Amino acid sequence: MSQLSFTGKSSSKGRSRLTQEVRPTASQIIADEEASDLDEYEEDLEGSGNEDDFGPSMSRSSRGRKRRKGDPLELQSQFEERNETDAINFQLLVRNVVRYAICSQTSHNTITRKDIVQKAFPEGTSRNLFQSVFEEADRQLQLSFGFRLVAVTQSNRKKDMAVSQLRRPATSNANSSNLHRYWVLRSTLPMELQKDSRLIVDSVLDTAYYGFLMTVIAFIAVSHCSVGHSELQSFLQELLTEEETTPLHLDITRSLSLLVRQGYLDRVKDDTHNQFVYYIGSRAVTEISIEGLKSFVTEFFPDSDIDMDALLTEYRQEYQNQSSSSAA
């Protein structure tokens, strides 16, 4: 009995010892829980680079906004391409204005803002580009062709008109009032280069045109910068002798009317003598320099008793008035 009791006691102690070895202590339980939390935290950190892991916490609109932001490099490339396209379109506009200015000068037409927009700017082009395109075209004309665009302001001849004429709304000068401000090309080359035959275009029509123009301007200049129609017509008829038309292939009256429309002459009705009076126009004063007029008069009126000092003084006054009005 005593042996059995001993054995039973031994078994109880063994089971108790086994139970003590298997059952974890409180400190072990806490350590195991902390280790488990640490493992889960590390797994979350490893998966944080994947956008899909945040699906439950990120709204669908937020993911859409993130996708719409696009690649910064792609946006920069698109921006550069757009700037390059704008630069190309700008240069095309500049070249169009340069071509139009040269063609207008060749055909003796004035250059107006309205015509530039209609003929040099494609449909749909912003009018806000006009000033910058015009300035760049002027710069390229100077660098490549030796010309610059000069503003011309229509002369105000009301001070020279008779009182009865001022009361009439329609005048010959009013027909060109739409050209109260326009541009023409003027050479920036030195005078010796302008006279160089190698740089002068050999054109019979241009030579005849400018010859007739300079003759008319010179005659008006030596007549104290104004002359009546009958006196000017008589002078031109003597030069043309038996010819019925001028070098412009028009009769005298129509030729003078053409020069008025082109801005080289101003024409005012004189009720006192019932005829037109011609003045040197703003365009002629702008394009024909004082030195150019003096050279022409000296060459083609060598035997005349013209007072060149008085002539140049009057013409210089007209030139200065035009220069100041153009600058304004």
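The values are calculated or read from the model by the stated rules, or taken from the named source; none is laboratory data. Because the structure is a prediction, the values reported are computed rather than measured. Cβ atoms come from the backbone with ideal geometry, glycine included; neighbour counts cover every protein chain shown.
Worth pointing out:
Results for (1) at pLDDT below 80; (2) within 16 Å of Ala218 (Cα to Cα), shown as yes or no for each residue.
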site: Tyr264; (1), (2): no, yes
site: Val268; (1), (2): no, no
site: Ile280; (1), (2): no, yes
site: Arg283; (1), (2): no, yes
site: Thr286; (1), (2): no, yes
site: Ile306; (1), (2): yes, yes
site: Tyr315; (1), (2): yes, yes
site: Ser325; (1), (2): yes, no
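- Among residues of region 91-131, those that are free of Cβ contacts under 8 Å to residues at least 40 places away in the same chain and on the phi > 0 side of the Ramachandran plot, counted: 1
- The set of residues from region 273-288 being in contact (Cβ under 8 Å) with a residue 12 or more places away in the chain and either of a type outside the set (Val, Ile, Thr) or in contact with a Lys or Arg (Cβ under 9 Å, 6 or more places away or on another chain) (or both) comprises His273, Gln275, Phe276, Val277, Tyr278, Tyr279, Gly281, Ser282, Arg283, Ala284, Thr286, Glu287.
- Hey, Val150 part of a helix (DSSP H, G or I) and touching a Phe, Trp or Tyr at 6+ places or on another chain (Cβ under 8 Å) or not: no
- Only residues that are at pLDDT 60 or above and charged (D, E, K, R) were counted across region 83-93, and they come to 1.
- Out of Asp196, Asp251, one residue alone is more than 27 Å from Thr112 (Cβ to Cβ) and modelled with pLDDT of 85 or more. It is Asp251.
- If only residues of region 91-106 that are over 13 Å from Val117 (Cα atoms) and among the hydroxyl-bearing types (Ser, Thr, Tyr) are counted, the one that is farthest from the chain's Cα centre (by Cα) is Thr106.
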